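**Q** The following block contains the structure, expressed as structure tokens.
Derivation of every value follows stated rules applied to the coordinates shown; laboratory data play no part. Note that this is a predicted model, so its numbers are computed, not measured. A quick note on method: Cβ atoms are made from the backbone with ideal geometry, for glycine too, and the neighbour counts reach across all protein chains shown.
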Amino acid sequence: AFVENLLKHPTFLSNEYTTKFIDETPDLFQFAKRKDRGTKVLTYIADISVNGHPETEGRVKPAADLKEPRAPKVARDQMPYGTRNLLEQKGAQAVADWMKAQRQLLLTDTTMRDGHQSLLATRMRSHDMIKVAPAYAQNLSQLFSVECWGGATFDVAYRFLQECPWQRLRDLREAMPNLMTQMLLRASNGVGYTNYPDNVVQEFVRQAAVTGVDVFRVFDSLNWVENMRVAMDAVVESGKICEGTICYTGDILDPARAKYDIKYYVGMAKELEAAGAHVLGLKDMAGLLKPASARILVKALKEEVGLPIHFHTHDTSGIAGATILAAADAGVDAVDAAMDAFSGGTSQPCLGSIVEGLRNTDRDTGLDIENIREISGYWEQVRAQYAAFESGLQAPASEVYLHEMPGGQFTNLKAQARSLGLEDRWSEVAHTYADVNQMFGDIVKVTPSSKVVGDMALMMVSQNLTRADVENPETDVAFPDSVVDMMRGNLGQPPGGFPAGIVNKVLKGDAPNTERPGAHLEPVDLEATRTALSKELEGFKVDDEDLNGYLMYPKVFLDYMGRHRTYGPVRTLPTKTFFYGMEPREEITAEIDPGKTLEIRLQAIGETDDKGEVKVFFELNGQPRVIRVPNRK
Ligand code: PYR
């Protein structure tokens, strides 16, 4: 019998997959179990070489002569002192005190998280990160932190990249022992799209701290501090740095948007300080904070709050660099930026340009521009491999001040609109998104609340509904599930609550829950879940990382495990091979364990036989191997 290809298995593709699937389809694993890891990896390469990768099919291809990116060579004998050493030696509060006491503008490099999340649909593979991590450790040891985990990367790693996000974190941690790693945590929504029981959030934070996160940027998608406490307390408990974060929306200088004024932000900052934050995060996820506003807001926060301030923005509009310089002038302590090739547009402003912009001023960052250029050159080669995931956004978009979409959502929603045939109605989508925001009471829009607003806007445009139609008690509207869920109170409460009219209409008169959602969720029995999961996976030993992956994303995790049994450690393949397979006579190497390297040569791809199968001829470490895969083309 021939193993079904899991990547394209119709049951996996049709969303009908249940955890029963693995039980009911034992042939998937009987075949896989007999194989060694080398054979599994060859099976993957053979399949992709013959059938292509579903994620890159029909998309722009990278240049034919694309080479494997080469990371800068570095000596690894002496590790320079970095922020992680300070954290280890003196603790989280000492890092916060140091941030405030020193004068240089501190920088976080977001390339490995928000950079590719915003520009390449989060598709960057660990392989491309881990190779350059030693160069960061040696040559950019003055960085405040490297943001490399959390947000959408967790889910995408399992779901689309067939790799374990925990392993990524462990590998990066090991390669950059002197630098603080940073993650983005959606408070009670963990790294998912829904509120999790308190003990799941606590367990996730505990594990992330153990595996290697040093700075936790914790935010709530409705700016509800009440809903951030469980996550923040767990971070403080772990001994790591708790960056309690304000999400910035509206415009503090616009009298028409008075809901989110200086007083509002200062008030929230004080709440976060009282809740135990070591650092105050100012997260401008859509890139709406204008230079003049930044000057005023940062100054007010510095005066009113005792915490160091870490500013995050997106360059969607094209003027985020100016906002960063204004914030620096006003005394902001740290800012986020991305390396050249992963900066600009819906990503962060360019790190090297900020370094140069501040050189020989009193906020000089102290970073070496030649070292930045070298690492930047590496990232340029990396980005070229991911041509299939480029959004096509070519220029700044001043339109962002209209719709206020977060950087990660903007291009995504455009792609969704395209797939619904609404491409030429984008302007309507943008306006409707803004209308939905007002209809929901002018809320913070960031994962997951931004997804709710996006779902509603797309629904309205595709059904030709205006805000007045939706609000009209006479009109029947089938609201998206995510909207019903949010109006029920399952994401928590925005400042001032949701408007009663829309809540009534969506819930058809049912009363919403206005308390913290986690207060009503039963704790998960962690050990019972581990036992059941192990049984589901035929006795597989479920460690704490696996358990936490499953708790966040049960179905995504099981799908990943199913494919892992068939294809083995494909995370170690070069990115070009992972997405495009190999050509005849091509040779690659893959280090599947430290010191265990596979030398793989694809000799030839045979004809398709009368069973619809293709023989693919390899040499694996010099030994001939033949792999048969179905030709599904
Ligand atoms: C995330 O939650 O993934 C964001 O980038 C906001």
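**Q** Which residues' amide hydrogens lie under 5 Å from the amide hydrogen of GLY318, considering only partners 5 or more residues apart or on another chain, with H built in the peptide plane?
**A** Those qualifying (amide H under 5 Å, at least 5 residues apart or on another chain) are ALA397.
**Q** Give, as a single signed number, the net charge of other residues whose beta carbon lies under 9 Å from the beta carbon of GLN603, with Lys and Arg counted +1 and Asp and Glu -1.
**A** Details: positive: ARG585, ARG601; negative: GLU619.
Result for the local shell: +1.
**Q** Can you give the percent of C-alpha pairs in region 156-294 whose distance is more than 17 Å? Intermediate results must be reported in sequence, preceding the final value.
**A** Working: 5985 of 9591 pairs.
In whole percent, the long-distance tail amounts to 62.
**Q** Now a separate question. Computed FRET efficiency, Cβ-Cβ of THR514 and GLU586, R0 60 Å: what is it to the nearest 0.05? Spell out each step's value before the answer.
**A** Details: r = 60 Å, r/R0 = 1.00.
About 0.50, to the nearest 0.05.
**Q** Moving on. Taking the Cα centre of region 535-633 as origin and charging only Cβ (+1 Lys, Arg; -1 Asp, Glu), how large is the dipole, in debye to the nearest 20? Let's see the in-between values first.
**A** On the way: 16 positive and 18 negative charges, 57 e Å.
I would put it at about 280 debye.
**Q** Distance between Cα centroids, region 282-317 to region 144-166: provide it in whole Å.
**A** Cα centres, region 282-317 to region 144-166: 26 Å.
**Q** Suppose a student asked you for the relative contact order of region 221-325, using Cα pairs under 8 Å spaced at least 6 residues apart; what percent would you report? Write out the running numbers ahead of the final one.
**A** On the way: 154 pairs, mean separation 29.3, N = 105.
Computed value for region 221-325: 28 percent relative contact order.
**Q** Would you mind checking the pairs LYS61/LYS451; LYS283/LYS505; LYS576/LYS596; LYS40/LYS615 and listing those with alpha carbons more than 24 angstrom apart? Numbers along the way, then the final one.
**A** Numbers: LYS61/LYS451 29 Å; LYS283/LYS505 32 Å; LYS576/LYS596 21 Å; LYS40/LYS615 15 Å.
With Cα atoms farther than 24 Å apart: LYS61/LYS451; LYS283/LYS505.
**Q** Express in nm, to one decimal, how much length is gained between GLU55 and ARG206 on full extension, taking 0.36 nm for each residue of separation and deducting their alpha carbon distance.
**A** Numbers: separation 151, 0.36 × 151 = 54.36 nm, distance 3.32 nm.
That works out to 51.0 nm of additional length.
**Q** A further question follows. Each residue of region 239-255 in order: what ³J(HN,Hα) in whole Hz does its phi give by Karplus 6.51 cos²θ - 1.76 cosθ + 1.60, θ = phi - 60°, with x for Gly and Pro?
**A** x, 8, 8, 9, 9, x, 10, 8, 8, 8, 9, x, 7, 5, 8, 9, x
**Q** Still on this structure: With a 10 Å Cβ neighbour count serving as the proxy for reagent exposure, in which order, fewest first, do LEU547, LEU526 appear?
**A** Working: LEU547 21, LEU526 15.
The most exposed by this proxy come first: LEU526, LEU547.
**Q** Counting other beta carbons within 10 Å of each residue's own, what order do THR589, THR346, THR83 fall into, fewest first? Before the final figure, lay out the partial values.
**A** Details: THR589 13, THR346 27, THR83 23.
Fewest-to-most Cβ neighbours within 10 Å comes out as THR589, THR83, THR346.
**Q** Using amide H atoms built in the peptide plane, which far-off residues or other-chain residues are under 5 Å from GLU163 H to H?
**A** TYR158
**Q** Continuing with the same structure: Of PRO574, VAL201, GLY441, whose Cα points farthest to the positive end of the dipole of the chain (charges on the beta-carbon: +1 Lys, Arg; -1 Asp, Glu; origin at the Cα centre)?
**A** Of the candidates, PRO574 comes out farthest on the positive side.
**Q** Within the set LYS259/LYS508; LYS100/LYS299; LYS414/LYS633, which residue pairs have Cα atoms separated by over 19 Å?
**A** LYS259/LYS508; LYS414/LYS633
**Q** Also, I was wondering about something else. Label point 7 Å out from ARG70 along Cα-to-Cβ: which residues of region 361-398 have amide N under 11 Å?
**A** Within reach of a label on ARG70, which here means backbone N under 11 Å from a point 7 Å along Cα→Cβ, region 361-398 contributes nothing.
**Q** How long, wide and thick is the chain, going by the Cα atoms along their three principal axes, in whole angstroms, largest first?
**A** Principal extents (largest minus smallest coordinate, Cα): 72, 66, 50 Å.
**Q** Here's another thing I want to ask about it. How large is the dipole of region 282-403 about the Cα centre if only Lys and Arg carry +1 and Asp and Glu carry -1, each at its Cβ, rounded to the nearest 20 debye?
**A** Working: 9 positive and 17 negative charges, 62 e Å.
Roughly 300 debye for region 282-403.
**Q** Under 14 Å Cα-Cα from LYS270, which aspartates and glutamates qualify once same-chain neighbours fewer than 8 residues away are excluded?
**A** GLU226, GLU243, GLU303, GLU304
**Q** Under the Karplus relation 6.51 cos²θ - 1.76 cosθ + 1.60, θ = phi - 60°, what is the ordered set of whole-Hz ³J(HN,Hα) values for region 188-196, x standing for Gly and Pro?
**A** Coupling constants for region 188-196: 5, 8, x, 10, x, 10, 8, 5, 9 Hz.
**Q** Pulled fully out, how much extra length does the chain show between ASN464 and GLN416, if you take 0.36 nm times their separation in residues and subtract their Cα-Cα distance? Spell out each step's value before the answer.
**A** Details: separation 48, 0.36 × 48 = 17.28 nm, distance 1.67 nm.
Residue separation times 0.36 nm, minus the Cα-Cα distance, leaves 15.6 nm.
**Q** May I ask which residue of ASN490, LEU119, SER221 lies farthest towards the positive end of the charge dipole of the chain, with charges of +1 (Lys, Arg) and -1 (Asp, Glu) on Cβ and the Cα centre as origin?
**A** LEU119
**Q** Cut-off is 10 Å between beta-carbons; in what order do ILE246, ILE296, ILE375 appear when sorted fewest neighbours first? Let's see the in-between values first.
**A** Details: ILE246 27, ILE296 15, ILE375 22.
In order of increasing Cβ crowding within 10 Å: ILE296, ILE375, ILE246.
**Q** Taking a label point 7 Å from the Cα of GLU304 along the Cα→Cβ vector, which residues of region 253-267 have an amide N closer than 11 Å to it?
**A** 261-267
**Q** Given the -39500 (n - 2.57) contribution per DSSP H run of 4+ residues, what per-residue ellipticity at 222 nm results for the chain, rounded to the nearest 500 deg cm²/dmol? Could you put the intermediate results ahead of the total?
**A** Values: 29 runs with 272 residues, N = 633.
That comes out to -12500 deg cm²/dmol.
**Q** Between GLU399 and ASP364, what is the label-point separation in nm under the 7 Å Cα-to-beta-carbon projection?
**A** 4.3
**Q** If eta is 1.306 mPa s and T is 10 °C, what Stokes-Einstein diffusion coefficient results for region 493-633, Kirkwood Rh from Cα pairs, in µm²/s? Could you put the intermediate results ahead of the total?
**A** Working: Rh = 20.3 Å.
For the chosen part, D equals 78 µm²/s.
**Q** Any idea what the dipole of the chain comes to, in debye rounded to 20, about its Cα centre with Lys/Arg Cβ at +1 and Asp/Glu Cβ at -1?
**A** Numbers: 70 positive and 88 negative charges, 209 e Å.
Dipole of the chain, to the nearest 20 debye: 1000 debye.
**Q** Does a label point 7 Å from the Cα of ASN85, set along Cα-to-beta-carbon, have any residues of region 290-312 with amide nitrogen under 11 Å, and which are they?
**A** none
**Q** Just to check I understand the Karplus step: with θ = phi - 60° and J = 6.51 cos²θ - 1.76 cosθ + 1.60, what whole-Hz values come out for region 441-450, glycine and proline as x?
**A** x, 6, 10, 5, 10, 7, 3, x, 5, 5
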